[in-house]
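Following: one structure in structure tokens, then a few remarks.
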Amino acid sequence: MKSMKFVHLTDTHMNAPSSEGPFAKFQLAEKVKQTFRHLRDANVAPDFVLITGDLSHEGDAADYAYIRTVLDECSALIGAPVHVVLGNHDHRSAFRQGYLGEAPSEEAYYYSLDFNGLRLIGLNSQVPGRHDGELDAAQLAWLKNELATPAPRGTIIGIHHPMMSVRGMPGDHLLANRAQLGDAIEGTDVIGVMAGHVHSNNVGTYRGIVNVAAAGTAFTGELADAENYKMVDFCGFNIVDVTEEGLSIQTTVLPTSGEEYFRFPISLLVAQH
Ligand SMILES: [Fe+2]
Ligand SMILES: [Fe+2]
């Protein structure tokens with residue numbers, strides 16, 4: 001059976017050029033374009049690209065319309081579809097209006113897709129007005145029903161909030177009802193859970209299932225000293241090969257300035273990313 005591969009991007013935090021948001025001046029969409037040019041030049045040729053949320057930084061419909069234009073161009077550049085999920089900095093209604101071209105609605109955005117037998121399930125862990133994530137009961141019921149029928153090559157889940165613990169991150173950065181998601185995927189054909197949110201690259205397991213929280217294309221974060229946290233220019237992504245033997249996850253980091261974007265007391269970490 002032919003192996004497959006996909007590219008996992010996350011936390012693009014894009015805004016339209018006209019936006020006045022705090023990250024707009026850093027032109028983070030340019031880093032997404034840079035990433036796709038790299039994918040083209042390096043002949044990565046993924047079957048699809050998955051972006052696990054925080055597509056925009058508190059974007060409105062105009063931001064999401066701009067993001068759709070950027071990602072459509074990026075998709076055409078490499079000849080592969082781009083699929084997204086929502087993060088805590090995304091807004092459902094503006095996303096549905098600007099990105100999907102639908103009537104504005106707070107309806108959760110989740111889906112199941114087939115790529116030659118590899119199933120991609122995108123989940124909506126973003127909850128309006130909250131920083132942490134949670135899957136609602138209707139979505140969990142839908143997921144269990146979907147997973148009742150195995151896919152020939154297994155299932156990849158895309159979700160913004162990580163399930164596994166991440167070093168240095170308080171538990172309120174994770175998926176609040178990760179145990180319920182664990183119950184839903186344990187013993188099924190799920191081979192990997194791809195997440196973001198924490199802006200650093202983490203690979204681990206949850207109940208034996210591979211979990212990844214990728215660093216993203218926008219910025220990374222680390223302690224500046226004992227009392228302060230800093231956000232630094234960064235751009236990285238993961239290439240995930242899916243073979244009959246399992247998953248292989250390769251991290252690529254593209255050159256950036258390393259410029260410090262923001263610095264703030266650790267106590268504000270919850271509010272800032
Ligand atoms: Fe983020
Ligand atoms: Fe996030």
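The values are calculated or read from the model by the stated rules, or taken from the named source; none is laboratory data. It should be emphasised that the depicted structure is a prediction, and the values quoted were computed from it without experimental measurement. Here the Cβ positions follow ideal geometry from the backbone for every residue, glycine too, while neighbour counts run over all protein chains shown. All accessible areas refer to the heavy atoms of the entire protein, side chains included, with ligands and DNA or RNA removed. Shrake-Rupley method; radii C 1.70, N 1.55, O 1.52, S 1.80 Å.
Residue count for the range 69-88, restricted to those that are of a type outside the set (D, E, K, R) and open to solvent by 10 Å² or more (accessible area, probe 1.4 Å): 10. Considering (1) open to solvent by less than 10 Å² (accessible area, probe 1.4 Å); (2) assigned to a helix (DSSP H, G or I); (3) in contact (Cβ under 8 Å) with a residue 60 or more places away in the chain, the lone condition that Gln34 does not fulfil carries the number (1). Assessment of the range 181-188 against the conditions (in contact with a helix residue (DSSP H, G or I) (Cβ under 8 Å, 6 or more places away or on another chain), away from ligand 2 (no atom under 12 Å from the Cβ) and in contact (Cβ under 8 Å) with a residue 60 or more places away in the chain) yields no matching residue. Output the residues belonging to the range 42-77 that are among the β-branched types (Val, Ile, Thr), within 16 Å of ligand 1 (Cβ to nearest atom) and over 19 Å from Gly236 (Cβ atoms). Listed by number, the list holds a single entry, Ile67. Gln97 meets each of the listed conditions (1) away from ligand 2 (no atom under 16 Å from the Cβ); (2) assigned to a loop (DSSP other than H, G, I, E, B); (3) open to solvent by 10 Å² or more (accessible area, probe 1.4 Å); (4) not acidic (Asp, Glu) apart from (2).
Limited to the range 144-174, what total is found for residues that are aliphatic (A, V, I, L, M) and without any contact (Cβ under 8 Å) to a residue 40 or more places away in the chain? Going through the range 144-174 one residue at a time, the tally reaches 4. Going by the conditions given, is Ala226 more than 16 Å from ligand 1 (Cβ to nearest atom), open to solvent by 60 Å² or more (accessible area, probe 1.4 Å) and not acidic (Asp, Glu)? Answer is yes for this residue. Apart from one condition, Arg178 fits all of (1) basic (Lys, Arg); (2) exposed (fewer than 15 other Cβ atoms within 10 Å of the Cβ); (3) within 30 Å of Asn116 (Cα to Cα); the exception is (2).
For the range 43-58, filtered to residues that are in contact (Cβ under 8 Å) with a residue 60 or more places away in the chain and more than 16 Å from ligand 2 (Cβ to nearest atom), the residue that is nearest to the chain's Cα centre (by Cα) is Phe48. Tyr66: farther than 23 Å from Met163 by Cα, open to solvent by 40 Å² or more (accessible area, probe 1.4 Å) and among the hydroxyl-bearing types (Ser, Thr, Tyr), yes or no? It is true that Tyr66 is farther than 23 Å from Met163 by Cα, open to solvent by 40 Å² or more (accessible area, probe 1.4 Å) and among the hydroxyl-bearing types (Ser, Thr, Tyr). The range 132-245 holds strands (runs of 3 or more DSSP E) entirely within its bounds, and those carrying 2 or more residues that are under 24 Å from Ser3 (Cβ atoms) map to 155-158, 190-195, 202-206, 209-213, 236-243. Within the option set Gln126, Gln139, being within 16 Å of ligand 1 (Cβ to nearest atom) and open to solvent by less than 60 Å² (accessible area, probe 1.4 Å) holds for one residue only, Gln126. Within the range 6-15, does at least one residue satisfy the condition of being under 26 Å from Thr252 (Cα atoms), among the hydroxyl-bearing types (Ser, Thr, Tyr) and assigned to a loop (DSSP other than H, G, I, E, B)? Within the range 6-15, one or more residues are under 26 Å from Thr252 (Cα atoms), among the hydroxyl-bearing types (Ser, Thr, Tyr) and assigned to a loop (DSSP other than H, G, I, E, B).
When the residues of the range 1-31 are filtered to those that are closer than 23 Å to Thr155 by Cβ and open to solvent by 40 Å² or more (accessible area, probe 1.4 Å), the one that is nearest to ligand 2 (Cβ to nearest atom) is Lys5. Leu50 meets all of the listed conditions (1) open to solvent by less than 40 Å² (accessible area, probe 1.4 Å); (2) farther than 28 Å from Tyr261 by Cα; (3) in a strand (DSSP E or B) but one, namely (2).
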